[in-house]
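I have placed the structure first, in the form of structure tokens, so that the comments after it can refer back to it.
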Amino acid sequence: MTVLELLNSLKKDAERYVAQGDASVKRNRHMNELAEAEGIDQRHIEAILVDFINNIAGRYGIDYALYTIDIRVRLESEVVQ
């Protein structure tokens with residue numbers, strides 16, 4: 001697998017994960033330090049996913065230029081179907 005194939009795969013994974021990120025983080029609260037009363041903002045989930053993928057790309061000298069809208073578009077198109 002090339003680095004670009006890995007990044008594209010991570011992007012697809014992020015597109016699938018982003019809609020359930022809030023529930024996933026809450027369900028796995030025993031693995032993080034968030035208090036039960038703390039809310040999780042969807043924009044923050046999207047921003048962290050995008051930043052993480054872009055960070056991996058940068059480590060390999062690739063300007064992947066992934067934006068939060070790029071992982072949100074698939075989510076919106078799936079809702080229509």
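Worth a mention:
- Pairs meeting the criteria (first residue in the stretch 24-38 and surrounded by 11 or more Cβ atoms within 10 Å (Cβ to Cβ), second residue at pLDDT below 90 and of a type outside the set (S, T, N, Q), beta carbons under 6 Å, at least 6 apart or on different chains) are Val25/Ile40.
- Scanning the stretch 53-72 finds no residues that are touching a Gly at 6+ places or on another chain (Cβ under 6 Å), surrounded by 13 or more Cβ atoms within 10 Å (Cβ to Cβ) and at pLDDT 90 or above.
- Residues that are of a type in the set (A, V, I, L, M, F, W, C) and more than 16 Å from Ile71 (Cα to Cα), drawn from the stretch 9-55: Ala23, Val25, Met31, Leu34, Ala35, Ala37, Ile40
- Qualifying positions in the stretch 1-23 - basic (Lys, Arg) and surrounded by 14 or more Cβ atoms within 10 Å (Cβ to Cβ): Lys11
- The residues listed here are His30, His44; of these, the one that is in a helix (DSSP H, G or I) and either closer than 20 Å to Met1 by Cβ or over 10 Å from the mean Cα position of the chain (by Cα) (or both) is His30.
The values are calculated or read from the model by the stated rules, or taken from the named source; none is laboratory data. A quick note: this is a predicted structure, and the numbers were derived from the prediction, not measured. Positions of Cβ are backbone-derived with ideal geometry, glycine not excepted, and every protein chain shown enters the neighbour counts.
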